[in-house]
Structures are given as structure tokens and as C-alpha cells.
Amino acid sequence: MEHQVEVKKGFSLGLKIFFGFVAGGVLLSLCLVTACVMGVIGTGAVVDKAVQETKEIHTQVEEKKKSEAEIALAYGKASLALEDVKVKPYDDVMYGRAIKVAGKIKNNGDKEIHSVKLLVKFKDSTGAYIGEDTTFAFLQDIFMGKEPPLKPNYEHAFERRLENAPASWDPAHGYDLELAEVEFFDAEKHKPL
């Protein structure tokens, strides 16, 4: 019997230790959760500030890109000459009736050009626009290295199919053509792959 009492005391002591650990663990867990929540709340302002700074940097980068694009387009309008440009329908073996733009572009400025994109606006019989399409008059080939940048005083002949031209467009109704985008050549950004 004495032995059973000692077992009960030992068992009782073991339970007390076990529940002490459980209670301590719960208390420790609550402290950790509280610390985490406080930490998250405390670092929330830091995270918000970092997010705001990242947005500001992104905005600055986008404004710089926009500014560079505007400068390049202004350069293009002043220094790139489009010659003998024609927009006309033709019969394409794969696409049937298609519309193409063809001509020459000359760089009369002092900067090398990576790409020149044209915007063609199609008119109906009243002169109203019925559609538009863009295509490259020049695009440096960085994959195969066959087409270098358009250097100063260089000229380039182009002929491109317009993929989004309105099917109902009649060449007799006319079109307007303008430079949509110009990108300067950048040796680091546009090096052959």
C-alpha cells in the first residue's frame, strides 16, 4: 500500500509538472502572440513607409521614361524624314485583302535610333476616322544582329502589313500618318542577344 501512495504522489507530482509546463507554454504563447502583434503593429508604419517610398521611386522612374519618350518623339518629328510613304491595299496569299504601309525613313539628326513606330489613321468618305493601326517603320534587329541602329544620315526602306486596318477602308477616302513613338539606341539596352 505504501508503494501505491508513493506512485500516486509521484503521479500527482508528474501531473503538476506537466500542467505547469502546459500553463507556462500557454502563457509563453500568449506573450509571443502579443509580441508578434505588437511587432506587426509597430513595423506596420515601417512597411507603409517602405511601400510609399517604393511607389514614389516607381513614379519617378515612369516620369523619367515618359520624359525620355517625349524627348525621343520630339527628336523624331524634327529629324526623321518619311519619304514616298504609301498606304494601300494588296492581295496577300495568307490573309487575302490586306493593307500595307511602305516608304523610306531617313535620320537627318545626330542620334542613333533603335525604333520608329508609325500611327496610321483611316478615314471614311466623310473624313471621319474609322480605325487606326501602328507598325514599325524601323526596328533594330537585336536578335540576329542583321539590322544595326538607324544612324545619322542613314535611310531605311520599309514595307509592313497593317494587321488592324479596317476592312471597309477605301484608299480613296484617305488616311493620316504620324510618328507614334521613337526610341533612341542604347548600347547597353539594345546589344545583340
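The values are calculated or read from the model by the stated rules, or taken from the named source; none is laboratory data. All figures in this text were calculated on a predicted structure; none of them were measured in a lab. A quick note on method: Cβ atoms are made from the backbone with ideal geometry, for glycine too, and the neighbour counts reach across all protein chains shown. Keep in mind that these areas ignore ligands, DNA and RNA; they rest on the heavy atoms of the full protein, side chains included. Shrake-Rupley method; radii C 1.70, N 1.55, O 1.52, S 1.80 Å.
Within segment 139-165, being of a type outside the set (A, V, I, L, M), modelled with pLDDT of 90 or more and open to solvent by less than 60 Å² (accessible area, probe 1.4 Å) holds for PRO149, PRO152, HIS156, PHE158.
When GLY103, GLY109, GLY76, GLY131 are checked against the criterion of being farther than 23 Å from PRO166 by Cα, outside any loop (DSSP other than H, G, I, E, B), open to solvent by less than 30 Å² (accessible area, probe 1.4 Å) and among the small types (Gly, Ala, Ser), a single residue qualifies: GLY76. So which residues in segment 58-70 are open to solvent by less than 100 Å² (accessible area, probe 1.4 Å) and either over 16 Å from ASP186 (Cβ atoms) or of a type in the set (A, V, I, L, M) (or both)? THR59, VAL61, GLU62, ALA69, listed by residue number. Among the residues of segment 112-128, those that are over 16 Å from ALA165 (Cα atoms) and among the hydrophobic types (A, V, I, L, M, F, W, C) comprise ILE113, VAL116.
How many residues, within segment 93-109, are within 16 Å of PRO171 (Cβ to Cβ) and modelled with pLDDT under 90?
The total comes to 2.
Among residues of segment 167-193 being part of a loop (DSSP other than H, G, I, E, B) and closer than 19 Å to TYR75 by Cβ, the one that is farthest from the chain's Cα centre (by Cα) is ALA187. Residues in segment 79-100 that are on the phi < 0 side of the Ramachandran plot and open to solvent by less than 40 Å² (accessible area, probe 1.4 Å): SER79, LEU80, ALA81, VAL85, VAL87, ASP92, ALA98, ILE99, LYS100. Among residues of segment 157-174 that are farther than 18 Å from ASP84 by Cβ, those with a Cβ under 7 angstrom from a residue that is outside any strand (DSSP E or B), sequence gap 6+ or separate chain, pair up as HIS173/ASP124; HIS173/SER125.
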